[in-house]
Amino acid sequence: MKNIKIYEPAMCCDTGVCGPGVDQELLRMKSVNKVLEQHDDITIHRYNLTNSPESFMENELVTKLLQEEGPNVLPITLVGNLVMKKGDYPDNEEWKKITGIAFTTEKEKKDVNTGGKCC
């Protein structure tokens, strides 16, 4: 079983729709999270510094990275106890390497459906 944990910076919500603009990367992560939750051999947990500060303190590796590199090290993606990415979320290709699951962006889906041409 793959155990994935993502430690995110302080924010009011995990969707990116709570501020004046929509954070597309957080929306993508919400979609990735939803797909991964459907797989019995993968567990994924996202910890937001605002809502789950205790989760950051309980993980010695995350605490050490924050002390050494500061808050810009977030988000941190761990698979087991290994740091897979820090300072940004894994892109779709990296998620494929981590999980074996292919993720496609909306733009890629449109390009496949339209041959890369608009309407």
On the accessible surface of segment 59-108, probed at 1.4 Å with all protein chains in place, carbon and sulfur together account for a percent value of 49
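How do K2, K34, K64 rank by accessible surface area computed with a 1.4 Å probe, from largest to smallest? Walk me through the intermediate numbers first.
Details: K2 75, K34 130, K64 105 Å².
Order by accessible area, largest first: K34, K64, K2.
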So what is the accessible area of segment 40-97 per residue, in Å², with the probe set to 1.4 Å? 61
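The values are calculated or read from the model by the stated rules, or taken from the named source; none is laboratory data. These figures come from a predicted structure and were not determined experimentally. Quick note on the areas: whole protein, heavy atoms, side chains included, nothing else; ligands and nucleic acids left out. Shrake-Rupley method; radii C 1.70, N 1.55, O 1.52, S 1.80 Å.
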